[in-house]
Amino acid sequence: MNIKSVEFIQSAVEKEQYPNDLLPEIVLSGRSNVGKSSIINAVCNQKNLAKTSGTPGKTQLINHFEVMSSNSKGPWDKWYIVDLPGYGFAKVSQSSRRRWEQMIENYLRKRPNLNRVFVLIDSRHEPQKIDLEFIEQMVKWEIPYTLIFTKSDKEKPGAVARNVQSMFDILRERLPFLPQGFVTSAEKKLGVEEVIACIDQYNRLYAEDQQS
Ligand code: GTP
Ligand code: MG
């Protein structure tokens with residue numbers, strides 16, 4: 001898949017503000033600071049399309065970017081890539097945190113044109129309770145999701161491999177099916193081609209589904 005152009009469309013909080021043309025949406029979710037906005041920039045091959053920051057809580061709204069892409073099998077394709085605020089951001093009040101979580105939940109559960117959610121996990125850490133809970137919610141809500149392990153350049157390869165393995169070991173015990181997963185570094189552009197190929201496949205499946 002070749003990405004021809006990407007354009008920031010708008011920021012939203014509530015349903016009424018989401019774009020209403022219902023193009024298929026690829027969504028990035030995960031803890032605050034896990035690297036969602038950075039992966040969007042790496043996938044779109046742009047430096048500052050989605051705003052990133054060393055301080056957690058940078059993305060506070062639901063941001064839609066419209067992508068135009070092509071692949072060998074078809075003509076130009078239009079879809080959205082969506083940057084969500086992170087969950088589990090500790091440095092805000094309980095009520096703000098709840099409001100953010102509600103915003104994320106409303107979006108994920110009520111968006112009819114959701115194609116696939118990437119759940120991002122920091123590859124430097126052993127499986128975290130908050131991520132496991134989020135994944136279990138995705139399964140409960142029957143939302144199709146795929147894992148992306150981020151920041152693999154920041155830890156030794158052996159430790160990354162162990163953390164990824166532990167995550168799948170725990171999920172195997174808790175879930176009926178294991179998700180697909182990619183190990184990436186937005187910084188070093190590792191695993192990004194694989195994520196792009198995966199998005200291409202999801203877009204194709206979505207289009208086939210619409211036709212049948
Ligand atoms: P919020 O919007 O606050 O929820 O964060 P986010 O998940 O969008 O994370 P963001 O992309 O803003 O990245 C957070 C910090 O991690 C930034 O300082 C990034 O430069 C850094 N970062 C993201 N991905 C990578 C990576 O692959 N490698 C390294 N070394 N740093 C990364
Ligand atoms: Mg962000």
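The values are calculated or read from the model by the stated rules, or taken from the named source; none is laboratory data. Values in this document were obtained by computation on a predicted structure and should not be read as measured data. Cβ sites come from the backbone with ideal geometry, for glycine too, and all protein chains shown count toward neighbours. Quick note on the areas: whole protein, heavy atoms, side chains included, nothing else; ligands and nucleic acids left out. Shrake-Rupley method; radii C 1.70, N 1.55, O 1.52, S 1.80 Å.
Is the C-alpha gyration tensor of the range 101-212 telling us rounded, prolate or oblate? Criteria: a/c under 1.5 is rounded; beyond that, a/b larger than b/c is prolate, otherwise oblate.
Numbers: a/c = 1.91, a/b = 1.34, b/c = 1.43.
Cα axes put the range 101-212 in the oblate bin.
Note that the range 195-212 has calculated 3J(HN,Hα) couplings of 5, 4, 4, 5, 4, 4, 5, 4, 5, 5, 4, 4, 5, 5, 4, 5, 7, 8 Hz, one per residue in order, obtained from phi through the Karplus relation 6.51 cos²θ - 1.76 cosθ + 1.60 (θ = phi - 60°); glycine and proline are x.
About the Cα centre of the range 75-199, what is the dipole size in debye to 20, counting +1 per Lys and Arg Cβ and -1 per Asp and Glu Cβ, all else neutral? Don't skip to the answer; put the middle values down first.
Working: 20 positive and 17 negative charges, 74 e Å.
Result for the range 75-199 is approximately 360 debye, rounded to the nearest 20.
Quick one: ranking H64, H125 by accessible area, 1.4 Å probe, largest first, what do you get? Walk me through the numbers on the way to the answer.
On the way: H64 0, H125 80 Å².
Heavy-atom accessible area, descending, gives H125, H64.
The H on the amide N of T59, modeled in the peptide plane, is under 5 Å from the matching H of G86, each at least 5 residues off or on a different chain.
Could you work out the relative contact order of the chain? I mean the mean sequence separation of Cα pairs under 8 Å and 6+ apart, divided by the number of residues, in percent. Working shown, then result.
Details: 363 pairs, mean separation 47.9, N = 212.
Reported relative contact order: 23 percent.
Think of the chain as a dipole: +1 on every Lys or Arg Cβ, -1 on every Asp or Glu Cβ, centred on the Cα centre; then among L28, N113, G158, G158 lies furthest on the positive end.
What's the lysine pair count for the range 44-106 at a Cα cut-off below 24 Å, pairs eight or more apart or interchain? Provide the component values of the computation, followed by the final result.
Details: K47/K58; K47/K78; K51/K78; K51/K91; K58/K91.
Final tally of qualifying lysine pairs is 5.
Normalised per residue, the accessible area of the chain is 54 Å², obtained with a 1.4 Å probe and no contribution from ligands, DNA or RNA.
In a DSSP loop and with at most 14 other Cβ atoms within 10 Å, the GluC sites (Glu not before Pro) in the range 121-188 are E142, E187. When D83, D153 are compared by accessible surface with a 1.4 Å probe, the order from highest to lowest is D153, D83.
Look at the dipole of the chain built from charges on Cβ: of F134, Q60, V195, the Cα furthest out on the positive end belongs to Q60.
Determine the shape class of the chain: with a ≥ b ≥ c the square roots of the Cα gyration tensor eigenvalues, call it rounded for a/c under 1.5, and otherwise prolate if a/b is greater than b/c, oblate otherwise. Here the chain falls in the rounded category. In a DSSP loop and with at most 13 other Cβ atoms within 10 Å, the trypsin sites (Lys or Arg not before Pro) in the range 135-212 are K188, K189.
Go through F177, F168 and list them by solvent-accessible area, largest first, probe radius 1.4 Å.
F177, F168
Taken as Cα centroids, the range 3-41 and the range 131-158 sit 18 Å apart, rounded to the nearest whole angstrom. Relative to the Cα centre, the charge distribution of the chain, modelled as +1 at Lys and Arg Cβ and -1 at Asp and Glu Cβ, gives a dipole magnitude of about 580 debye. List every residue whose amide H lies under 5 Å from the amide H of T52, counting only residues 5 or more places away in sequence or on a different chain, with H placed 1.01 Å from N in the peptide plane. It is none; the list stays empty.
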